[in-house]
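Here's the structure we're looking at; comments come further down.
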Amino acid sequence: GVIAFFEEGRGKLTGFRWRDRLDCRSCSPSRASTPLDQQLGTGDGARSVFQLVKRYGAAHAPYLRPITKPVTGTVRIAVNGVEKAEGVAFTCDATTGLVTFMPGHVPAAGASVTAGFEFDVPVRFDTDEIEVDLSAFDAGDIPKIPLIEILP
């Protein structure tokens, strides 16, 4: 289980993908994502690559979080509100979160590029030891396992 995974990853040494059930979509966790959830940028007629991002906050000091581990098959892209087909109009790299528009589908100058997606978070353990409570026979209780996000 968890202890074997922790030991195999050598504690803090190795990162892995983790699904944060409270923040794993381009929208709120209780909604289904749509291709209009997040603004990725504005086309200029030449730019073909856009980074997936999720915006937190409002007008005063919003934070744009780069999404580098989208879940394969969940990325939906729209240009000027019209959804585009993955594999026809664009591709998305599941290890970087880069959306690449294919030739003939590059967003025109002034076109709004938006996205909806699910994502994992790149993390690593933030400890080299896991404390286990063995107060009951054949039962182990792990009170907490600290994780830390690996920033790009």
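Derivation of every value follows stated rules applied to the coordinates shown; laboratory data play no part. Keep in mind that what you see is a predicted model, and the values were worked out from it rather than measured. Here the Cβ is made from the backbone with ideal geometry for all residues, glycine too, and neighbour counts use every protein chain on show.
Odds and ends about this structure:
- Sequence ranges 113-120, 53-60, ranked by mean other-Cβ count within 10 angstrom, highest first: 113-120, 53-60
- Euclidean distance between Cα centres, region 71-110 to region 13-55, Å: 12 Å
- Computed from the Cβ-Cβ distance with R0 of 25 Å, the FRET efficiency linking Ala85 to Asp126 stands at 0.05.
- In range of the label at Leu147: residues from region 43-78 whose backbone nitrogen is under 20 Å from the point 7 Å along Cα→Cβ: 53-56, 65-75
- Near the amide H of Arg25, within less than 5 Å, lie the amide hydrogens of Phe119, all on another chain or at least 5 residues away, with H placed in the peptide plane.
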